[in-house]
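The values are calculated or read from the model by the stated rules, or taken from the named source; none is laboratory data. All of these numbers come straight from a predicted model, not from anything done at the bench. Positions of Cβ are generated from backbone atoms using ideal geometry, with glycine treated the same way; all protein chains shown enter the neighbour counts.
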Amino acid sequence: MIILVIYIAVFVLSFLVVRWGVKRVLQARRDFTSLKTVTFGDESAVRPDRWASVISVVTIFLLWGAFTGSKWVPIHAPGPFVGDTAFTYTAEAEDGSRDDATVHVHVFRVGEEAAEREVPPGEGFAKDDSVSVGAWRSTLVRVDRNDELTRKDGANVVAVDGQPITPGGEVTTDAGRIAMTAKGSLNYAPPTGMQMEPIWLPPPEAVVARFFEVSREGYQNFTLWEHLYWSLFRVIVGFVLGALVGIPLGFAMGLSNWFRGWFDPIVEFMRPVPPLALIPLVIIWAGIGETGKIILLFLAALWIMTIAARAGVSGVAISKVHAAYSLGASRWQILRHVIMPNSLPEIFTGARVAMGVCWGTVVAAELVAAEKGAGMMIMVASRFQLTDIVIMGIILIGVIGYGIDILMRKAEAWLVPWKGRV
Amino acid sequence: MSTLNIEHLSMRFDLPNGGYVQALEDVTLELKSGELMSVLGPSGCGKTTLLNIVAGFLAPTEGRIVLNGHEVTGPDAERGMVFQQGALFEWMSVRDNVSFGPRMKGQRRAEYAANVDHLLEIVGLRDFKEKSVYELSGGMQQRVALARCLANDPDVILMDEPLGALDALTREKMQGLVLKLWKETGKTIILITHSVEEALLLGERLLVMAPRPGRIHREYSLPFADMGVGKDLREVKKHPEFAEKREEILSMIWDMEEEIMGRTEEAGA
């Protein structure tokens, strides 16, 4: 909630600063679009503000760092309490007499050595105690353990730091939150601050360090590059097979009544079935090895490419086909020189969608069952609470998916230069 | 030589609601080699259907087309088409578009290169042969379409509103080019147009068609195409007979349109 408020505040503030500060100082570009006065409603005049993009990415990293106590970020949200503190409790004996005792608390960072301290017992029937607890954790404090009068003798804790407490209730003091269990023990939790615990969200430097460690030493018997390579390999083989079958099938459906009639029900039925729903069946049939993965990705790419190729054929202007016939072209020549090039834009659109779906499907399939691969890596890491590997894996999967899309767009601009210009 | 005979052509097809459309009824024509005939008529008069049947894209329900003594049964390189727009191949350069026909016949570059260069020279695109067609203006694209059709050396050229998508100034220039190509190559040409002026300027013969059913309404023989060759077409338009014919044909088509409107209203009432 606080993070959301901060995020919105940064959004608004940086907008105001860039709009009224930076843009005034820097000379704006004077191209044609910048001279348009109507931009609200003119989509072509809306261009991404590079300042906004940079600030957006920086903000995410700053928030991530600030709320995880990163060393890379100068400002931090209040961290968890670490160090020594104390609270007192008041015990009441059966006869109504009361005595105070102090609980000395040592809060340590999880993973560091915590030394148990000896404390002098103090006066009265309630004796002082000492506990240590990890930051973000809580501990049960059996304060009457060393007291002269314990619960068995009818003595009860009735207040903490002067605030009355009953079984099931809780009080908050400077030292933290103290709750009383139904049986009368105290449960102590030190203040957590506003930072995330590393096992929920590690700081950026931990993720980067883990990236270098995993790329050097590997994880789960395979190096990082092997994990990524196998995921990419499956995607590319599955996609290529899907395209090799799907494109001719789509052409056939666009060119022949019989093919259209025969395959229409199959394609229209299989298209809305998400490839993820096929994972269990593919595992039953082909196991968790490469064959199953590739069959799954083949099926994921097949229908998309079929429909793209069919749409490509139907997108050919009939005058082009007529012109080619009256120039003496044969059917084969028309397929080769008119229909195939003319459907390239549609096929590329389909290929981009198919690559995206395949990449998502391979990660999901590896999450379910695999011996290697990016999805398997993050799945296994999550079982061991290795959140830094999980986050590293997610970032790498995102970067690779984005990279694939950029490559496809470059290939499209190179192979289909007439797209959108006819 | 190449005589085109259109014999008792009828075209009738069923509609899904049980009715039918009589697109053409008993159209008979003879075109001699080297004639340029323009075809005019209100929309729905079947002029594009007629052209598509001659091209071989549609089969008539009655009658037949005979070219050079053999019957037309499908599209063929002997009958070239020029479309209004969008029929060029964007993935090919200007030169590859123009050489498409010869290449499809399996000719080698050495065989067709000289002719292609010559045609590009005639249509004024010599310096554009390496360009992509999407980089050209509409008028230039139609020049490519004309050159592409001529590169195949067809006996008959069928033009379906070839200048319809061009702006008025470009259109006038292109009309001159069509006349020039017609005279230089001596091709038989059927030209469909919506513009009465264009039909008068370019057509040695002018066919006015009437709708519902599509049929020949009237035919003219005109002197303007011969007058216009190599001259400023605006001079031809100033000819008193030109203005007279234009008015006559315009009012003829107007009457047909009115009649259609009246009939639709009756049907609606």
Query raised in the report: Can you spot a residue in the range B:187-195 that is hydrophobic (A, V, I, L, M, F, W, C), more than 27 Å from A:Lys320 (Cβ to Cβ), modelled with pLDDT of 85 or more and under 18 Å from the mean Cα position of the chain (by Cα)?
Result: no
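Just to be sure I understand, how many residues within the range A:137-162 are exposed (fewer than 14 other Cβ atoms within 10 Å of the Cβ) and either among the charged types (D, E, K, R) or under 10 Å from A:Tyr89 (Cα atoms) (or both)?
As a first pass, look at the range A:137-162 and keep what is exposed (fewer than 14 other Cβ atoms within 10 Å of the Cβ): A:140, A:145, A:152-154, A:162.
Still in the running and either among the charged types (D, E, K, R) or under 10 Å from A:Tyr89 (Cα atoms) (or both): A:145, A:152-153, A:162.
Qualifying residue count, the range A:137-162: 4.
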Requested in this report: Could you tell me whether any residue of the range B:20-36 is within 14 Å of chain A (Cβ to nearest Cβ), of a type in the set (A, V, I, L, M, F, W, C) and more than 17 Å from the chain's Cα centre (by Cα)?
Outcome: no
**Report entry** Subset of the range B:156-170 (residues that are buried (at least 18 other Cβ atoms within 10 Å of the Cβ) and either more than 12 Å from chain A (Cβ to nearest Cβ) or at positive phi (or both))
**Finding:** B:Glu161, B:Leu163, B:Leu166
**Report entry** Subset of the range B:77-122 [surrounded by fewer than 18 Cβ atoms within 10 Å (Cβ to Cβ), among the charged types (D, E, K, R) and within 14 Å of chain A (Cβ to nearest Cβ)]
**Finding:** B:Lys105
Requested in this report: Kindly provide the set of residues from the range A:366-416 that are within 14 Å of another protein chain (Cβ to nearest Cβ) and assigned to a loop (DSSP other than H, G, I, E, B), ordered by number.
Outcome: A:Val416
Query - Which numbered condition A:Lys419 misses (of (1) surrounded by fewer than 18 Cβ atoms within 10 Å (Cβ to Cβ); (2) within 14 Å of chain B (Cβ to nearest Cβ); (3) in a helix (DSSP H, G or I)) - result: (3)
**Report entry** B:Gly63 being free of Cβ contacts under 8 Å to residues at least 40 places away in the same chain and either within 13 Å of chain A (Cβ to nearest Cβ) or not in a loop (DSSP other than H, G, I, E, B) (or both)
**Finding:** no
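Just need a number here: residues in the range A:341-356 that are within 18 Å of A:Ile304 (Cβ to Cβ) and within 12 Å of chain B (Cβ to nearest Cβ).
Of all residues in the range A:341-356, those within 18 Å of A:Ile304 (Cβ to Cβ) come to A:343-356.
If we keep only those that are within 12 Å of chain B (Cβ to nearest Cβ) as well, we get A:343-345.
Number satisfying all stated conditions: 3.
Would it be correct to say that B:Gln141 is within 14 Å of chain A (Cβ to nearest Cβ), crowded, with 19+ Cβ neighbours inside 10 Å and not in a loop (DSSP other than H, G, I, E, B)? If you could, list the steps in order and put the result at the bottom.
Working: within 14 Å of chain A (Cβ to nearest Cβ): yes; crowded, with 19+ Cβ neighbours inside 10 Å: yes; not in a loop (DSSP other than H, G, I, E, B): yes.
Against the criterion (within 14 Å of chain A (Cβ to nearest Cβ), crowded, with 19+ Cβ neighbours inside 10 Å and not in a loop (DSSP other than H, G, I, E, B)), B:Gln141 qualifies.
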Report task. Look at B:Glu121 and say whether it is part of a helix (DSSP H, G or I) and either aliphatic (A, V, I, L, M) or under 23 Å from the mean Cα position of the chain (by Cα) (or both). Result -> yes
Query raised in the report: Looking at the range B:182-267, what strands (runs of 3 or more DSSP E) fall wholly within it and have at least 1 residues that are closer than 30 Å to B:Val123 by Cβ and among the acidic types (Asp, Glu)?
Result: none
Query - Any chance B:Thr48 is closer than 30 Å to B:Gln141 by Cβ and hydroxyl-bearing (Ser, Thr, Tyr) - result: yes
Report summary line: Note on B:Pro16: of the conditions (1) surrounded by fewer than 21 Cβ atoms within 10 Å (Cβ to Cβ); (2) modelled with pLDDT under 85, unmet is (2)
Report task. Could you list all residues from the range A:137-154 that are out of contact with any Gly (no Cβ under 9 Å at 6 or more places or on another chain) and not acidic (Asp, Glu)? Result -> A:Arg137, A:Thr139, A:Leu140, A:Val141, A:Arg142, A:Val143, A:Arg145, A:Asn146, A:Leu149, A:Thr150, A:Lys152, A:Gly154
Report task. Would you mind stating whether B:Leu58 is more than 10 Å from chain A (Cβ to nearest Cβ) and under 25 Å from B:Leu222 (Cα atoms)? Result -> no
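Looking at B:Gly228, B:Gly176, B:Gly164, which is the one that is under 24 Å from B:Ala55 (Cβ atoms) and either in contact (Cβ under 8 Å) with a residue 60 or more places away in the chain or under 19 Å from the mean Cα position of the chain (by Cα) (or both)?
Numbers: B:Gly228 fails: under 24 Å from B:Ala55 (Cβ atoms); B:Gly176 fails: under 24 Å from B:Ala55 (Cβ atoms).
Going through B:Gly228, B:Gly176, B:Gly164 in turn, the sole match is B:Gly164.
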Query raised in the report: Among all residue pairs at least 6 apart or on different chains, which show Cβ distances below 7 Å where the first residue, located in the range B:249-261, is touching a residue at least 12 places away in the same chain (Cβ under 8 Å) and the second is assigned to a helix (DSSP H, G or I)?
Result: B:Ile249/B:Val196; B:Leu250/B:Val196
Query raised in the report: Quick check: anything in the range A:71-83 of a type outside the set (Asp, Glu), closer than 30 Å to A:Thr33 by Cβ and either touching a residue at least 12 places away in the same chain (Cβ under 8 Å) or not assigned by TED's automatic domain parsing to the domain that holds A:Leu13 (or both)?
Result: no
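Looking for whichever is farther than 30 Å from A:Ala77 by Cβ, touching a Pro at 6+ places or on another chain (Cβ under 6 Å) and not polar (S, T, N, Q) here; the options are A:Ala155, A:Ala126, A:Ala182, A:Ala135. Which one fits?
A:Ala182
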Query raised in the report: Which of the residues belonging to the range B:126-182 are of a type in the set (Val, Ile, Thr) and out of contact with any Asp or Glu (no Cβ under 8 Å at 6 or more places or on another chain)?
Result: B:Val144, B:Ile157, B:Thr170, B:Val178
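Rundown of residues vs (1) acidic (Asp, Glu); (2) assigned by TED's automatic domain parsing to the domain that holds B:Asp226; (3) touching a Lys or Arg at 6+ places or on another chain (Cβ under 9 Å), yes/no style:
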{"position": "B:Arg12", "(1), (2), (3)": "no, yes, no"}
{"position": "B:Gly19", "(1), (2), (3)": "no, yes, no"}
{"position": "B:Glu30", "(1), (2), (3)": "yes, yes, no"}
{"position": "B:Val39", "(1), (2), (3)": "no, yes, yes"}
{"position": "B:Phe57", "(1), (2), (3)": "no, yes, no"}
{"position": "B:Asp96", "(1), (2), (3)": "yes, no, yes"}
Report task. Pick out, from the range A:232-336, the helices (runs of 4 or more DSSP H) lying fully within it that include 1 or more residues that are buried (at least 23 other Cβ atoms within 10 Å of the Cβ). Result -> A:275-286, A:290-314, A:318-326
